[in-house]
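For reference, the structure discussed in these notes is given below.
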Amino acid sequence: MLLLKSVFFGLIACFAGVAGATGSFADDRFIDGFPDVPYLDIISTIVGEPVVFDTPSGTVAEVGILFSVSESDVFNTYSNALEGLGWGCNKTPSAINCIRDNSVVQLTSHLNSSTGAAFILRLEPRE
C-alpha cells in the first residue's frame, strides 16, 4: 500500500512539474482526440470538432487551433510540454514534429491572425 501511495504521489509531482514548467494545463486535461497532447492555457479556440479515425496502424486525428500568443511562443511552450510527457520533438521554422512510441504529433503553423497564431494539430501512426 505504501508503494502505491509513493507511485501515485510521484506521478502527481511529475505532472505538476510539467504544468509548471510549460504553462498550466487548463483543468488538467488533454485535447479531445489527442489523449497525449495537453490542453494548455495558451489555446484561444479549438476550431470545430477534431476529425478522428482509427486505421489498422493506429489513430489519425486532425484539428485547427487558435492561440492567444505568438507563433514562437506556441512552438516553445508546446515543445516543452510534449517533451515533458515523453515525446521526442524537433522544431522547424513552421512546425513541431514529435515522436513517441508508434505515434507522431505535428503542430504546423497555418495562418497568423490579428488575435494570435493559427495551427493545425495532427496525430498519425509512425511509419
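The values are calculated or read from the model by the stated rules, or taken from the named source; none is laboratory data. The model shown is predicted, which means the values in this text are computed figures rather than measured ones. All Cβ positions, even for glycine, are placed from backbone atoms using ideal geometry, and neighbour counts span all protein chains on display. Just so you know, the surface numbers come from the protein's heavy atoms only, side chains and all, with ligands and any DNA or RNA stripped out. Shrake-Rupley method; radii C 1.70, N 1.55, O 1.52, S 1.80 Å.
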Considering the range 26-58, residues that are open to solvent by less than 50 Å² (accessible area, probe 1.4 Å), closer than 20 Å to Gly86 by Cα and in contact (Cβ under 8 Å) with a residue 24 or more places away in the chain, and then whichever is nearest to the chain's Cα centre (by Cα), we arrive at Val37
Picking from Thr92, Thr115, Thr108, the residue that is at pLDDT 95 or above, among the hydroxyl-bearing types (Ser, Thr, Tyr) and out of contact with any helix residue (DSSP H, G or I) (no Cβ under 8 Å at 6 or more places or on another chain) would be Thr108
Residue within the range 83-92 that is part of a strand (DSSP E or B) and of a type in the set (A, V, I, L, M) present: no
Query raised in the report: Quick check, is Asn97 open to solvent by 20 Å² or more (accessible area, probe 1.4 Å), within 14 Å of Ile43 (Cα to Cα) and within 13 Å of the chain's Cα centre (by Cα)?
Result: no
